[in-house]
Every structure is written in structure tokens, then in C-alpha cells.
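Only the coordinates and a few stated rules stand behind these numbers; no lab work does. Computed from a prediction, not measured in an experiment: that's the story for all the values here. Positions of Cβ are backbone-derived with ideal geometry, glycine not excepted, and every protein chain shown enters the neighbour counts.
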């Protein structure tokens, strides 16, 4: 990925130039790539287990959310498309009552302070997968990857790469799953 | 004019074929070192990676069918391959690097294997097995329902 460099003991002007170059390389791509729908998962396999602690130290178990749709987003703060799509998770949650659709954002490998400094207060749980153990049990090969678990606990939709989750196409797909 | 050409040469190259778009961007040692030292590596620990010519890949499937790829099938035009992720992880484990650093490294890499449905895209870094002097092109293989295909990028060069 084209990650923006964090400060090195280099002249400020040079650091700015590096950031600008990296940003120029990435920005049009990320901006263009966020739209689009999700893909149906063939065979509707059962969702792997997911039990993690959230930023408020609450234990969240995916199995306890059976009967509602759950959008599970795997992400990290250093991943540019993850950062770009993150606000749309909150906008999506606002469109649905949590009893019908719950967003879970699973951060991989970072500590709570780093995650909170980016995420802040959210209207959905942000889970901490510190050893990436949960992520390894899910069919995830890269970040960001997002799955939608249907009311029966099956993997129904998948998106690899950033999306705007309040995009009308995705919202329509989720409403269809709620029927 | 020469300066502009050289800048574009090392900055990025994009190859597009049948609505599959691959962008390759060489990353400087300073950029890569900065990223990983902020995630638990020391500059010394990450040096073998930064010295190996790190490229950032972004691949997007704007087509109508799914495609599959294996990074092991990709190479520079002269045959130089990309060092497997597992090799790096073995080295980091041997060096006693913190788990958080190893996790960040693993997930910041371009996936060794991936299936891209229409609309999917992914980004990630990878390093050549050795630095290549001068310009080179990247040959990227992927497969879809019609068979195996190759994408050939424009010339790029390892960044300093």
C-alpha cells in the first residue's frame, strides 16, 4: 500500500514532499474505488465464530446476534481505504435499527489507544482482534474486507476493498436480506 | 523534459486489460522505513525489506467476472520474483519482533492469493527478491473463467 510516511528525522520540507507524493499516487485511486455494491457469497457458508472485546471492554459474540443482519468489517488504522470507508459504517448504522442490522468493525493487531484515537466515539462496536486470531478464522486475505452475515448466521455478501456502505446499491442489498 | 520523464518512470505505472487495472508504485526506502518503524520495527530490523525494492500494488476488478491471482506467478520482466510473505514472517519471528509489528507487516502486504469479484480491489506492498538496476516492467498473471491472462505494466524503477 501507499502508506503515508510517519515522521523521520528528516527536514520538514522533505517529509512534506514525501507525503504529498504518496498522497498524489493514492488519492485518485482511493476516491474512485470506494463506490459499488457487494458480491453474493456462493453457497451461503456459516459465518466463522467471532467473539472479541470492544473498545468499552464489552465482550461481543456474533452468535448472540443471530436473527439480525451483521456487517463485519475487518480494518486497520494504517490502511488508507479502511480509513476512507470507516465513516460510512456509522452512516449505514444510522439507517437501520441495531436490532435489525448491526455493524461490527474488527480492528486487526492494534491497541485500544491507537484505535480510539482514530475511531473516536462510534455508534457501532469496534472490536479488537489483537493477535489477528479471529481474522485468520475468517476468509480474509487483505484489508479491508467486509462480510454481511444474514439472519441465519450465514455469510451472504462480501466486499474486498473499500466501499461506501451507505451507497444506495449496498443499502438495497441489505434491505433485501432483511425481507 | 528529461526530468519529467524520469519522474513518471519511477513514480507509478498502470496497466489496464479487460477492465482489470493494476497500478504499481515504487516506494522509497525512507517511506517504507517510516511506515514500519511507526509499527514496531526498528530501522535496522526492517532494513532487509527496504533494501529489496518495495513496490505498492493496487489491483481493481472493474469487469463482470471474478478473477484469481497468485503473487507467486508474478515477476519482473527479467524473471525476478517477489519474495514470499512467509519468508519475511519467518525472518521476523527469528529476529524476535513484537507480534503487533508482525501482524501489521503481514496485513500491509499485497495478498499472496486473492479472488476478486467484480468491484473488488486491494492494495498492498511487496518486495522483489533482489533490486533491479534500471527500468523494468512487471508481468502480472491472473485467471478468470476464460483462462489465464497476463498484464504488463509500463516501465518503472526501484525507488532509492
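List of remarks:
- Volume per residue that the Cα convex hull of the range A:99-179 spans, once the total is divided by residue count, Å³: 109 Å³
- DSSP bridge pairs, the range A:35-178: antiparallel proportion in percent, nearest 5: 60 percent
- Only DSSP H runs of four or more residues enter the estimate; each adds -39500 (n - 2.57), and after division by the residues of chain B the mean residue ellipticity at 222 nm equals -8500 deg cm²/dmol.
- Taking all pairs of distinct alpha-carbon atoms in the protein assembly as shown, Kirkwood radius in angstrom: 20.6 Å
- Cα centroid separation - the range A:120-179 against the range B:115-160, whole Å: 27 Å
- Between residue A:117 and residue A:53, full extension at 0.36 nm per residue minus the direct alpha carbon distance yields a gain of 21.3 nm.
- Projecting label points 7 angstrom from Cα along Cα→Cβ for residue B:44 and residue A:94 puts them 5.1 nm apart.
- For the range B:2-152, the Kirkwood hydrodynamic radius from C-alpha pairs, put into Stokes-Einstein at 10 °C and a viscosity of 1.306 mPa s, yields a diffusion coefficient of 98 µm² per second.
- By the Cα gyration tensor, the range A:35-178 has an equivalent ellipsoid whose semi-axes, rounded to whole angstrom, run 21, 17, 15 from largest to smallest.
- Highest-MSF residue in chain B out of B:50, B:33, B:90 [GNM, Cα springs under 10 Å]: B:90
- Fluctuation leader among B:58, B:42, B:28 - chain B, Gaussian network, Cα springs under 10 angstrom: B:42
- Averaged over A:78-85, number of beta-carbon atoms from partner chains that fall within 10 Å: 2
- Within the protein assembly as shown, percent of DSSP bridges classed antiparallel, to nearest 5: 80 percent
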